[in-house]
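The values are calculated or read from the model by the stated rules, or taken from the named source; none is laboratory data. Keep in mind that what you see is a predicted model, and the values were worked out from it rather than measured. All Cβ positions, even for glycine, are placed from backbone atoms using ideal geometry, and neighbour counts span all protein chains on display.
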Amino acid sequence: MKITDLLSQRIVIIDGAMGTMIQKYKYSEEDYRGTRFANFDHPLKGNNDLLTLTQPQIIKDIHKEFLMAGSDILETNTFNSNVISMADYYMEDLVVELNVEAVKLAKQAIAEYQSEVENRPLFVAGAMGPTNKTASLSPDVNNPGYRAVSFDDLVACYTEQTIALIDAGADIILIETVFDTLNCKAALFAVNTIKEERGIDIPVMVSGTITDNSGRTLSGQTPEAFYNSISHGELLSVGFNCALGADQMRQYIAELAGVSEIYVSCYPNAGLPNEFGEYDDTPEGMSKVISEWCENGWVNIVGGCCGTTPDHIAAISKACKQFSPRPLPTMA
C-alpha cells in the first residue's frame, strides 16, 4: 500500500517527540559517546542523532512504543543529521552513516512490530530539520545584510542528506520545522533534483513552524503565504509542527486547510514550555483539540511534536478514528 492509499481512507497518525523520549533516559556524556566515541575530542552530550549509533536499541524501542500507540508514520532520528548542524559537534563526516542507520532502525522497528503485533501498512519518513542557520535573516543585528549560510550551501547540505535517506529506503521525505521558507526552498530544490535525476517519485511532506502568537514563521510569513511559497514543490502534504500547543495552533491550521490543495498535516507540541522547560498538555487535552480539527475537516495527518509521548499519540489516534479525513479540494 502507498501512503496516498492510506490517506484516501482515513486520518493518518504520525509519531510523537523523539527528544522527549530520549530525555527520560537522562543520558550522561559517556552514554552519548558509547564505546566508539569514548575518546572523541569534543563534548557530545545533547547530540541526540548520535544515539542512532551509540544507543541504537533505545532509538528502536522508542519507535516501537510509538507504533504500539497507533502511529502509521515513523520519523527517523535525523532532525540534525546534516553537515551544517553536525558541525557543532565536529561530526560532519558522520552525516551519511547517521541517516542510513536511522532509516534502518525505523524499518527494523516496523518489521518487528508487523511480525509480533499487527501486519498493517507503516511508513518511514526521513526527517530533515531546518539546520541551525537561516538564509533569509542576519544573525548580526549590526549587519542586516550578512548571511551565515548561502542557498547553495543549504542545497549541498540537503542533497547529501536526501541521497542518504533515499538510499537507505525511506518511504517519505519530511522537511520539517521550517522557520525560514528560503531554507525550505533549498531543501525542495535538492529533493526534487534527486527525484528527477533518479526518475523516482518519493512523496515529500513539508511542515513549517509558527514561532509565536504573531501567527507567522520566523521569516515573517502567514500560513497562506507560506503555503503559496512552497506549493510548487510537488508535495504530498503541507502543515505545521512544533513551537505551539494544539490550542494555539488551531486558527493557523484552519487557515491552511482553507487554502491548501494538497493534504494537510499538524503535529503540535504538548502545550507551551513551562518555567521548567516541560510540557503540560495532557493526552486527553491534546486529543480533544485535535479531534475538533478532524471533525471540522481540516486535517489528514496528525501527531505530536515536543513533549508528546506514546500516551499522547495513543489518545490522538483513538480520538481521530471516528472522523473522515479532510477531502482534497476539487479543482475547477
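Being among the hydroxyl-bearing types (Ser, Thr, Tyr) and in a loop (DSSP other than H, G, I, E, B) is the filter here; which residues of segment 67-85 pass it?
Across segment 67-85, the qualifying residues are SER71, THR76, THR78, SER81.
Check whether at least one residue in segment 269-277 is among the polar types (S, T, N, Q) and assigned to a strand (DSSP E or B), and report yes or no.
The answer is yes; a qualifying residue exists.
Any residue in segment 169-181 that is touching a residue at least 60 places away in the same chain (Cβ under 8 Å) sitting within a Cβ distance under 8 Å of a residue that is aromatic (Phe, Trp, Tyr)? List the pairs, counting only those 6 or more apart or interchain.
Correct list of pairs: ASP171/PHE123; ILE172/PHE123; GLU176/PHE79; THR177/PHE79.
For segment 141-162, give me the residue count where each residue is part of a helix (DSSP H, G or I) and of a type outside the set (Gly, Ala, Ser). Working first, answer last.
The initial filter retains those residues of segment 141-162 that are part of a helix (DSSP H, G or I), namely 151-162.
Still in the running and of a type outside the set (Gly, Ala, Ser): 151-155, 157-162.
Of the residues in that region, 11 qualify.
Hey, any hits in segment 245-264 for a residue that's in contact (Cβ under 8 Å) with a residue 60 or more places away in the chain, within 17 Å of the chain's Cα centre (by Cα), closer than 30 Å to LYS24 by Cβ and not in a helix (DSSP H, G or I)?
no
Tell me yes or no: at least one residue of segment 177-190 is at pLDDT 95 or above and farther than 20 Å from LEU154 by Cα.
Among the residues of segment 177-190, not one is at pLDDT 95 or above and farther than 20 Å from LEU154 by Cα, which makes the answer no.
Output the number of the condition that ASP88 fails; it satisfies all remaining conditions of (1) surrounded by fewer than 21 Cβ atoms within 10 Å (Cβ to Cβ); (2) in contact with an Asp or Glu (Cβ under 8 Å, 6 or more places away or on another chain); (3) not in a loop (DSSP other than H, G, I, E, B).
Answer for ASP88: the failing condition is (2).
May I ask you to list the residues in segment 130-146 that are surrounded by fewer than 22 Cβ atoms within 10 Å (Cβ to Cβ) and either of a type in the set (Ser, Thr, Tyr) or touching a strand residue (DSSP E or B) at 6+ places or on another chain (Cβ under 6 Å) (or both)?
THR134, SER136, SER138, TYR146
For segment 169-219, how many residues meet the condition of being small (Gly, Ala, Ser) and surrounded by 22 or more Cβ atoms within 10 Å (Cβ to Cβ)?
Final tally of qualifying residues: 6.
If you take the residues of segment 35-57 that are without any contact (Cβ under 8 Å) to a residue 40 or more places away in the chain, of a type in the set (A, V, I, L, M, F, W, C) and crowded, with 18+ Cβ neighbours inside 10 Å, which of them is farthest from MET21 (Cα to Cα)?
PHE37
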